[in-house]
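To start, the structure under review is shown below, and the notes come after it.
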Amino acid sequence: MDIEKIKELLKLLEESEIDELELEIEDESGEIKLRKGRPEGATTIYNNIAPSPMGGPVPQGAQSPPTAQVSASAEEKEADEFAGMVEITSPIVGTFYSAPAPDAEPYTKVGEHIEEGEVVCIVEAMKLMNEIQSEVSGKVVKILVENAQPVEFGQVMFIIDPD
């Protein structure tokens, strides 16, 4: 699903009386959840996602660099590695913070067990601190964002191995 369709859905959601919209896209693995009100992390379940080719067509007679083939196989390997796991994505564009304050301990670390509804990070948007909660209980397998790094809407921040 492209970003324009998502923006169109967001606009329709804002203008309607619907509080939550959940979509399952048949030709793609995963789902999209859109909600009004207090933002929470959206979740998508990996289903052996095949990497999508990136870049434009290769000119005739030109060879693609070997690193592109290595990168594609690395993406396939990663998709297989995280099959059946849940990802927590950013519900908004903002800045990711792993702890409630600069000198505080992070909300969670790789290898720790988290509970459903537990705060896993903060995404700051327009000077508002939005606590992102886990929608599943499980073990944190991977944290994909560094502290104070910008995040995009829908960007994967955590990979969770559900209980």
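The values are calculated or read from the model by the stated rules, or taken from the named source; none is laboratory data. For clarity, every value in this text was computed on a predicted model and none was experimentally measured. Reconstructed Cβ throughout: ideal geometry from the backbone, glycine too, with neighbour counts over all protein chains shown.
Tabulated results
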quantity: Residue pairs meeting the criteria (Cβ under 7 Å; at least 6 apart or on separate chains; first free of Cβ contacts under 8 Å to residues at least 12 places away in the same chain, in the stretch 105-123; second of a type outside the set (A, V, I, L, M) and in a strand (DSSP E or B)); calculated: none
quantity: Selection status of I114, buried (at least 16 other Cβ atoms within 10 Å of the Cβ), over 24 Å from K7 (Cα atoms), touching a Ser or Thr at 6+ places or on another chain (Cβ under 6 Å) and not assigned by TED's automatic domain parsing to the domain that holds L10; calculated: yes
quantity: Among residues of the stretch 122-163, those that are of a type in the set (K, R) and more than 14 Å from T95 (Cβ to Cβ), counted; calculated: 2
quantity: Counted residues, the stretch 107-152 - those being small (G, A, S) and touching a His at 6+ places or on another chain (Cβ under 8 Å); calculated: 2
quantity: Subset tally (residues that are surrounded by fewer than 16 Cβ atoms within 10 Å (Cβ to Cβ), part of a loop (DSSP other than H, G, I, E, B), at pLDDT below 95 and on the phi < 0 side of the Ramachandran plot) for the stretch 74-95; calculated: 1
